[in-house]
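Visitor: Below are the structure tokens for one structure; questions will follow.
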Amino acid sequence: MNIYIKVLMGVAVVGFFVVLWLLPMSRSAQVTTDRPDYSIGDPLEVSIVNKLDKSICFSSCYPFLLERQDSDGKWLEYSYGECESSDVVSGCVLAGESKKFQLSLDETEIGQTRIKINYCADCVAGQPFSAGPTLYSNTFIIK
């Protein structure tokens, strides 16, 4: 076998493994914000893109949570009040679809922040919510 064929076979094998490695990454859900920084009181637009092969649904009480990074680099969840109703499944994003919504940053603190979203997969709207995996947005700064 000449060197040209060996090189082509090597490139093909490496390419195959790269595709196998990247394929699971493309099957995920992602949360992103519209900007890298905000001021307190600004509206923040959130996009959820569901590239999974199943629908994802969120909590009716806490569909999203904000976390702030402290000086040690640890993520601290904002303190939220008790939910006044039953925590049920709501606000689903179907497989292959996306959803956008706006948050108000009225009662936040300055600093490095991210959005935390607990979700359940293939759950039924109106049933009790049981958190499964967690999604995190990109980090952003509140000034």
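The values are calculated or read from the model by the stated rules, or taken from the named source; none is laboratory data. Only a predicted model underlies this, so the values are computations on that prediction, with no experimental measurement involved. No Cβ is skipped: glycine too gets one built from the backbone with ideal geometry, and neighbour counts run over all protein chains shown.
Visitor: Does Leu22 qualify as being closer than 22 Å to Pro133 by Cβ, modelled with pLDDT under 90 and either not charged (D, E, K, R) or not in a strand (DSSP E or B) (or both)?
Guide: For Leu22, the condition - closer than 22 Å to Pro133 by Cβ, modelled with pLDDT under 90 and either not charged (D, E, K, R) or not in a strand (DSSP E or B) (or both) - is met.
Results for (1) within 13 Å of the chain's Cα centre (by Cα); (2) of a type outside the set (Val, Ile, Thr), shown as yes or no for each residue.
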{"site": "Ser60", "(1), (2)": "no, yes"}
{"site": "Tyr78", "(1), (2)": "no, yes"}
{"site": "Val89", "(1), (2)": "no, no"}
{"site": "Ser98", "(1), (2)": "yes, yes"}
{"site": "Ser104", "(1), (2)": "no, yes"}
{"site": "Thr113", "(1), (2)": "no, no"}
{"site": "Ile117", "(1), (2)": "yes, no"}
{"site": "Ala131", "(1), (2)": "no, yes"}
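Visitor: Output the qualifying pairs, or none if there are none: Cβ atoms under 8 angstrom, residues six or more apart or on different chains, first residue in region 114-130 and touching a residue at least 40 places away in the same chain (Cβ under 8 Å), second residue among the aromatic types (Phe, Trp, Tyr) and in a loop (DSSP other than H, G, I, E, B).
Guide: Ile115/Phe64; Lys116/Phe64; Ile117/Phe64; Asn118/Tyr62; Cys120/Phe129; Cys123/Phe129
Visitor: Oh, and also: Mind checking which pairs have a first residue in region 132-143 that is over 11 Å from Arg114 (Cβ atoms) and a second that is surrounded by fewer than 13 Cβ atoms within 10 Å (Cβ to Cβ) and not small (Gly, Ala, Ser), Cβ under 9 Å, 6 or more apart or different chains?
Guide: Filtered contacts from region 132-143: Lys143/Asp37; Lys143/Ile110.
Visitor: Same structure, new question: For region 65-107, how many residues are touching a residue at least 12 places away in the same chain (Cβ under 8 Å), in a strand (DSSP E or B), out of contact with any Phe, Trp or Tyr (no Cβ under 6 Å at 6 or more places or on another chain) and surrounded by 12 or more Cβ atoms within 10 Å (Cβ to Cβ)?
Guide: Residues meeting the conditions: 10.
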